[in-house]
Amino acid sequence: MKKIWLIGAGGIAEEYAKVLKALGKDFIVIGRGEKSASVFKEHVGETVITGGLTKFLSSSPTVADYAIIATPLCELASNTKELLKYGVKNVFCEKPGFLFPDELNDVVVMAKQKEANVFYAYNRRYFASVLKAQEIIAEDGGVKSFNFEFTEWGHVIEKSGHSAEDLSNWFYANSSHVVDLAFFLGGTPTQMNCVTAGELTWHKPAVFAGSGITDKGALFNYAANWAAPGRWGVEVLTSKHRLYLRPMEKLQIQEIGSVAINPVEIDDHLDVEFKPGFYLETKAFLEGDNSRLCSVEEQKEHVEKVYKKIMA
């Protein structure tokens, strides 16, 4: 039986625990405080080893085959490195894997040195709506162009109780979900022009716009205004259809020659029963199916060639 460690005992860790139980997996939960451990036990029915990861590892447990990290942003990179140093070869970490982008550098180096696999949880890649969209895109002969919006509700986020450091890195911590999905569907940018403007009390910039072309030959553009109304969304255009992922859990379609936008039937029972994307994403990680997962190397490339440009 493969050993699985779940690091963290908050709300997101609860979602992973539900999936692990549904998959019939045995796992150990390592948390920090007694309060979160009590809530976790109440919600999931699993006991949490408290005291934090460092204390747990000091007891010299047998190395896990797989580890899932669902801790606060400020602990993601340090926990990943600690697990790699201990000898864990397969690590699945909540996105984006860091609080500050430069924290990723050490993780990349250590993962290579330890010959370990590190992946990040961009669960929207596993939405039923996205899987169906990819089917249609393939049938239509590929993506011709696409656009996306990653507007955040600034008036809500600033009152969310997150730390100033979390908020200052909110694009990486949250908006990267949208950007990752857009380029997962449309290809990797080979040319990219980005402009920004404005600022909020807790984040700079506040308004984003850009365009470019990907390695699939698809033209793209994006926009976001965190000081105005808006919502996340990705639209993909093929030679036959325009596909709408807005909200991303649903898929709508527009046929060429028509202005009507109609819903597409999708089998989303897993996205209803579990946090969307989590079941298939976790299953893929544990089964070694890395075809859709975001690796640490891919994340590093995204940070340097895409995310930092969008934020500049």
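Just so it is clear, none of the values below were taken in a lab; they were calculated from the coordinates. These numbers were taken from a predicted model, which means no experiment stands behind them. With ideal geometry, Cβ positions are generated from the backbone for all residues, glycine too; neighbour counts draw on all protein chains shown.
Beta-bridge orientation, the stretch 124-267: approximately 85 percent antiparallel, per DSSP, counting only bridges with both partners inside. Note on Lys21 and His155: their simple-model spin labels are 3.9 nm apart, each label 7 Å out from Cα toward Cβ. Counting only alpha carbon atoms, the long axis of helix 34-44 and the longest principal axis of the chain meet at about 70°.
Summing Cβ point charges (Lys, Arg +1; Asp, Glu -1) relative to the Cα centre of the chain gives a dipole of roughly 320 debye. With respect to the chain, whose longest principal axis is taken over its alpha-carbon atoms, helix 176-186 is tilted by about 60°. The gain in end-to-end length when the His269 to Lys41 segment is fully stretched comes to 79.5 nm, 0.36 nm per residue minus the alpha carbon separation. All Cα-Cα separations within the stretch 124-267 were binned at 10 Å from zero, giving a P(r) of 11, 39, 32, 15, 2, each value a whole percent of the pairs. Applying Stokes-Einstein at 25 °C and 0.890 mPa s to the Kirkwood radius of the stretch 4-121, computed over alpha-carbon pairs, gives a translational diffusion coefficient of 173 µm² s⁻¹.
Per-residue ellipticity at 222 nm, computed for the chain from helices alone with -39500 (n - 2.57) per DSSP H run of at least four residues, works out to -10000 deg cm²/dmol. Note on Lys216: lysines with a C-alpha under 29 Å away, same-chain residues under 8 apart excluded, are Lys95, Lys112, Lys132, Lys144, Lys240, Lys250, Lys283, Lys300, Lys305, Lys308, Lys309. Label-to-label distance for Ala164 and Lys250 is 4.0 nm, based on points extended 7 Å past Cα in the beta-carbon direction. Taking the structure as given and computing percent of Cα pairs over 31 Å apart, which label from (i) 21; (ii) 52; (iii) 32 fits? Read-out taken from this structure: (iii). Just to verify a number: FRET efficiency for Thr188 and Lys55, C-beta to C-beta distance, R0 = 45 Å, to 0.05? It comes to 0.65. Take every Cα pair under 8 Å whose residues are at least 6 apart in sequence, average their separation, divide by the length of the stretch 115-181, and the relative contact order is 45 percent. May I ask for the angle, rounded to the nearest 10°, between helix 73-86 and the longest principal axis of the chain, with both axes built from Cα atoms and the value confined to 0 to 90°? Here the helix axis deviates by roughly 60 degrees. From most to least packed by mean Cβ count within 10 Å, the peptides 222-233, 157-168, 272-283 give 272-283, 222-233, 157-168.
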